[in-house]
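Coordinate-derived values only; no laboratory data. Because the structure is predicted, anything quoted here is derived from the model rather than measured. Here the Cβ positions follow ideal geometry from the backbone for every residue, glycine too, while neighbour counts run over all protein chains shown.
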Amino acid sequence: MTRGTFSWEDLRKQARQLENEIDAKLVSFSKLGLGSSPFNNSSKSNGESAHLLGENFAFESVSSEIQQLLSKLTDINSQMTEVSALQAPSAALQHTLQRHRDILQDYTTEFQKTSSHLLSKKEREDLLGSVRRDIDAYKNDSGRNRRTDLYLKENEHLRSSERMVDDQINIAIETKEHIASQRGNLKRMQARVNDLASRFPVINSVVQRINFRKRRDAIILGSVIGFGCILLLLYSQR
């Protein structure tokens, strides 16, 4: 499908799907430097080289995938901007568009920060010159690594909660706009009724006269009935 043929909802679904994929990839990317070596202390140079090559391949592979996903998300956001310009101005639409832009910026910043951190760590590990020193460093930092895992999990929970709050805000804004639209419709109906009443004053006069005659007839009839009852009472007492 060519660029520009997607609807707003289609683009928004694609953006959310890409954001979820990038989120998962960033979590995996952050954990690349936390895994322990699969080789024990008796491993020789062949095993050490294979482990380092495996880490380098995983880093390059995940980094390339994240860059491609970020590029796709950037393109989707651009299409959403173009589609929003063709639609009627809406606070909910602008809020959603800005939210997707902020998420893209956050993911880009986090990817760059994590990539820089992993590259720096790789350079430090290359200077050590032995896997044994890497294992000792990992054991010394095991508590820190566990805290990092907890921080990553907490970050995932915070992102999920933030998405839920964002959805609730969108629903509230759409409800407010719907109520405002209904209020405008009622005002227009009231104006039309008042306009009709002002255009046909004779009808209002006739209706008022009819109501006046009804009340007058009711009063006369009540008076006659009351006078008749009084006469009956006086006659019965004789």
*Arranged from highest to lowest average of other beta-carbon atoms within 10 Å per residue, in what order do the peptides 224-231, 81-88, 96-103 appear?*
96-103, 81-88, 224-231
*Ranked highest first by average number of other Cβ atoms within 10 Å, how do 146-154, 21-29, 181-189 line up?*
21-29, 146-154, 181-189
_Need the list of lysines near K25 for cross-linking: C-alpha distance under 27 angstrom, and skip anything on the same chain fewer than eight residues off._
K13, K72, K113, K121, K122, K139, K153
*Taking the Cβ of M189 as the centre, find all other residues whose Cβ is under 12 Å away and add up their charges (Lys, Arg: +1; Asp, Glu: -1).*
+3
